[in-house]
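Contents: one structure, followed by commentary.
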There are 2 protein chains.
Amino acid sequence: MPLLTGVTPDRVAAAARRVMARCDELARVSASSNGIERIYLSPEHARVNRLAAEWMRELGMRTRQDAAGNQLGRLERLVGGGLEPAAPALMLGSHLDTVRDAGRFDGIVGVLMALEVARLLRAPTDDDRYGVPLPFALEVVAFSDEEGARFGKALLGSSAVAGIWDDDWWALTDAEGTTLRQAFLEFGLDPARIGEAARRPAELVGYLEAHIEQGPELHRRGEALAVVTSIAAARRFQLVVEGESRHAGGTPYDMRRDALLGASEAALAVERICAAEHHIIGTVGQLEAFPGAVNIVPGEARLSLDLRGELDGERDRVWDEISRELDVIMGRRHLRWHSREVHNAPAVMCAPLLQDVVREGILSTLPGAMDEPTTLFSPAGHDGMSIGAVTDVGMLFLRNPDGISHHPDESVSGADVALGIRALAESVLQLAADRA
Amino acid sequence: MPLLTGVTPDRVAAAARRVMARCDELARVSASSNGIERIYLSPEHARVNRLAAEWMRELGMRTRQDAAGNQLGRLERLVGGGLEPAAPALMLGSHLDTVRDAGRFDGIVGVLMALEVARLLRAPTDDDRYGVPLPFALEVVAFSDEEGARFGKALLGSSAVAGIWDDDWWALTDAEGTTLRQAFLEFGLDPARIGEAARRPAELVGYLEAHIEQGPELHRRGEALAVVTSIAAARRFQLVVEGESRHAGGTPYDMRRDALLGASEAALAVERICAAEHHIIGTVGQLEAFPGAVNIVPGEARLSLDLRGELDGERDRVWDEISRELDVIMGRRHLRWHSREVHNAPAVMCAPLLQDVVREGILSTLPGAMDEPTTLFSPAGHDGMSIGAVTDVGMLFLRNPDGISHHPDESVSGADVALGIRALAESVLQLAADRA
């Protein structure tokens, strides 16, 4: 049953149009004239933070850029005709950084929808300031580094907020050799104060994020919105296959120990094994042969494996299966192989309560369209993976036509954004009703 | 029936020991302290030419370094007690340049064996000079660039001798950006005089080369020597597979157009098709995926194909078969592919007469060991491929334990070198008898 009353469809449609126009405006803030590129601690990062802060202040929010370069805006809880300072806050948001050659919606649309939800829910105080008539304060957060496009390490912005910053990261370097520490100083941030970005669990009610689905499931099902059940984390491996470099002319097939052919079979085995599973995706994105000469049988091949699954156990079982298959392949070809795990993060489950309020929010927005909203797990990473360390996380997915992501052709419709804004506002009100 | 009379086994064994010792001596002339590396027009090239010239002069040869940096030595025809200048010459030889991280025998052993054959066959004139009592003069040639390790283009030295130099080659560059023209000047050679290296067909009787087999066939058969029937030439292709780059997390398998998986199937198809053939070898030595990110489904893959066969027609038929198979693979995966041919040279047949004299040479050396010597085609390239443009070519292969080539572990036994020296000398005498 809808809780958001007195909000006309026209008003939500106008909010969605504003989101779409601002996505276009932010897309122009790019380091590259050829595709969108907005990396952590860059001049473009500073510019979009200033824009977001302006938009936050338009809504009567108190704004700050935190010690990790995240941009925040806050509406205090409205009690009677005045503001209650320092109430625990529900955070809404996503990120404003991009990969290279990015689309204009990944992350961005979630920040802008959060602003529109704040606009729909805010109310004036007796002295013409603004707050939210809810049992908690409302914050909008624009995380500064979700993609990890500059320093290789993703989720830097939300890790600072979650208080899980690792001092080893200061030595990370970008493609130009600039360390993360230097980049902080050049951006005007003090590395020594990074701890000030961290929030305590008691300050937060939870974190809700709207994001485009980075896949085609909603598009295929003809649905606009989904409840996210969990964010799957990837395990990543670098695999090395070792054979013997030999002269391509003189070495008959039965004497070859061709590492590239072993690696080729390995890539196909990953596809074959994962495609037979549900909710497991394995990808070989890198493969190279050495010495890499046209007339030499490759003696070594290196390949990457990115393995994701809804549940850690399933994902690990599939890795074991892939490992056994690689043993068979390499044994048959008289090759050796070994692997190094370069990334391993457990899946983050969305909090059952926040899954419920998002479900209610979708049902209130799309009454009768379905008995039960679609639930999806997210094979892609999100800020919720780190924020989950400090507070409950919930997510709402928007339909992504053709499922194209991290690409200039990435898209979302204004109509779906309008539905998403209403569903997200309803979710906040459901949570408020639940805590009242 | 042996024609080489009055040569004791001890004398041939001493010749083989000298060859092995000189292989060691030349191995020390290397640009790298870590493996042998001796590329065209390098200081090491100049040093081995000086060594070879000294060894030639020890035998009474007249020496010259030609306009392409090849080192030559010549014994004139001995008639009565004096020399007949300018008789057509039989050339014996091979090359002194190496690939990077090379073995010490490929090419080198053929030059040094040619010197020992000249030593066995030479005779003094009445005035204490040396000539050969044969119906032709004898030249030993040390070609300067067979491998093409510096400028990518192989057979530069012998192409100059064959008169098939292409002026486009002057613009070829090495890894440091030095052009072939600059390298000539720095070596002290005049590019304008390259034509002076070219020989006329009337000057030459033929070209005979001893070379280690670059494969394991003789080793497997337990035989020391083989007659080479032809030198197969490679066709080389650069293949490009085009799909679509997508987010590794969000793109289900049925929506992927993964160029790397198409390329992996292609590499395995090359192996499957060629392994089912006789005398066809296909090798994928290079494979790379783009954009090459761990979390992006590759939208493009590039791979090389090196395809060799004894007969041009068979090789071309197999390429057609591979092409059809790639159409099937890429069609099934919704990928596109195209290829660019970067090298195409026809097989060079060894002259029937020179095959015969090498066969007689082997039979005279290994009487009773076999009714008919083993014949092999060479899947690897040799200087004979270019020299074939100006004169008849014959080749003798020596057993290569384990078939290891272009690698520091490459080897040949002193005993086989002794057999090879005798067989090569017998071959020269058979040719002399044939022409007498």
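The values are calculated or read from the model by the stated rules, or taken from the named source; none is laboratory data. Remember, it's a predicted structure, so these values are computed and weren't measured experimentally. No Cβ is skipped: glycine too gets one built from the backbone with ideal geometry, and neighbour counts run over all protein chains shown. Keep in mind that these areas ignore ligands, DNA and RNA; they rest on the heavy atoms of the full protein, side chains included. Shrake-Rupley method; radii C 1.70, N 1.55, O 1.52, S 1.80 Å.
Counting Cβ atoms of other protein chains within 10 Å of each Cβ in B:258-271 and taking the mean gives 5.
For chain A, what relative contact order do you get, as a whole percent, if you take Cα pairs closer than 8 Å and at least 6 residues apart? Please report the intermediate quantities before stating the final value.
Working: 991 pairs, mean separation 94.1, N = 436.
Computed value for chain A: 22 percent relative contact order.
Computed over chain A with a Gaussian network model linking Cα atoms closer than 10 Å, the most mobile of A:73, A:82, A:60 is A:82. Tell me, what HN-Hα J-couplings in whole Hz come from the Karplus equation 6.51 cos²θ - 1.76 cosθ + 1.60 at θ = phi - 60° for each residue of region B:255-271, using x for Gly and Pro? Each residue of region B:255-271 in turn: 9, 7, 10, 8, 5, 5, 5, x, 5, 5, 4, 4, 4, 6, 5, 4, 4 Hz. Within region A:383-402, whose backbone N sits under 19 Å from a point 7 Å along Cα→Cβ of residue A:415? Residues A:397-402 qualify, since their backbone N sits under 19 Å from the label point. With viscosity 0.890 mPa s and temperature 25 °C, the Kirkwood radius over alpha carbon pairs of region B:164-276 converts through Stokes-Einstein to a diffusion coefficient of 117 µm²/s.
Taking θ as phi - 60° and the Karplus parameters 6.51, -1.76 and 1.60, the scalar couplings of region B:421-436 work out to 4, 5, 5, 5, 5, 4, 4, 5, 5, 4, 5, 4, 5, 5, 9, 5 Hz in sequence order, x denoting glycine and proline. At a threshold of 10 Å², the residues of region B:225-239 that become less accessible to a 1.4 Å probe in the full protein assembly than in their chain on its own are B:236. Here's how it looks for residue A:89: its modeled amide H is under 5 Å from those of A:137, A:204, A:205, which are all 5 or more places away or on a different chain. Spin-label pair residue B:202-residue B:238: with each label point 7 Å from Cα along the Cα-Cβ axis, the two points sit 4.5 nm from one another. Accessible-area loss of 10 Å² or more (1.4 Å probe, protein heavy atoms, chain alone versus all protein chains) is found in region A:278-292 for A:281, A:282, A:283, A:284, A:285, A:286, A:287, A:288, A:289, A:292. Projecting the Cα atoms of A:284, A:267, A:297 onto the charge dipole of region A:233-345, computed from C-beta unit charges around the Cα centre, puts A:297 farthest toward the positive end. Computed 3J(HN,Hα) for region A:86-96, one whole-Hz value per residue from the Karplus formula 6.51 cos²θ - 1.76 cosθ + 1.60 where θ = phi - 60°, is 6, 5, x, 10, 8, 9, 10, x, 5, 10, 10, glycine and proline marked x. Take the Cβ atoms of residue A:153 and residue A:221, set R0 to 35 Å, and the FRET efficiency comes out at 0.50. At the residue level, residue B:279 shows approximately 100 square angstrom of accessible surface with a 1.4 angstrom probe and all protein chains present. Label positions at residue A:21 and residue A:353, each projected 7 Å from the Cα along the C-beta direction, are separated by 3.8 nm.
Average accessible surface for region B:1-113: 40 Å² per residue, computed with a 1.4 Å probe over protein heavy atoms with every protein chain in place. For residue B:320, the accessible area of its heavy atoms, probed at 1.4 Å with every protein chain present, is near 80 square angstrom. Relative to the longest principal axis of the Cα atoms of chain B, helix B:312-332 runs at roughly 20 degrees. Diffusion of chain B by Stokes-Einstein, at 20 °C in a medium of 1.002 mPa s and with Rh set to the Kirkwood radius over alpha-carbon pairs, works out to 93 µm²/s. Heavy-atom surface analysis with a 1.4 Å probe gives chain A a carbon and sulfur content of 48 percent of its accessible area. Per the rotation superposing chains A and B, the chain A residue found at the smallest beta carbon distance from the axis is A:264, 2, distance in Å. With the whole protein complex present, residue B:127 retains an accessible surface near 90 Å², based on a 1.4 Å probe.
Global dimensions of region B:34-140 from alpha-carbon coordinates: Rg and Dmax equal 14.9, 52 Å.
Taking a probe of 1.4 Å, how large is the accessible area per residue of region A:233-345, in Å²?
Accessible area per residue, region A:233-345: 38 Å².
Length gained on full extension, residue B:277 to residue B:389: 37.4 nm, using 0.36 nm per residue less the C-alpha separation. For residue A:323, inter-copy separations between label points set 7 Å beyond Cα along the Cβ vector come to 4.6 nm, shortest first. Based on C-alpha pairs under 8 angstrom that are at least 6 apart in sequence, region A:286-390 has a relative contact order of 20 percent. Pick from B:241, B:417, B:48 the residue whose mean-square fluctuation is largest in a GNM of chain B, springs joining Cα atoms under 10 Å. Maximum among the listed residues: B:241. Label points for residue A:436 are taken 7 Å from Cα along Cα→Cβ. From this copy to the others they lie 12.1 nm apart, shortest first.
Diffusion of the protein assembly as shown by Stokes-Einstein, at 10 °C in a medium of 1.306 mPa s and with Rh set to the Kirkwood radius over alpha-carbon pairs, works out to 50 µm²/s. Sorted from nearest, the other copies put their residue A:62 label points 10.3 nm away, the label point being 7 Å from Cα in the direction of Cβ.
Annotation for the A:B interface, with buried accessible surface near 4500 Å², both sides summed [1.4 Å probe; non-protein components not counted]. By the compact-protein rule of thumb, 2.2 N^0.38 Å, the alpha-carbon radius of gyration of region A:233-345 corresponds to a ratio of 1.11.
For the pair residue A:320 and residue B:341, label points projected 7 Å from Cα toward Cβ lie 5.3 nm apart.
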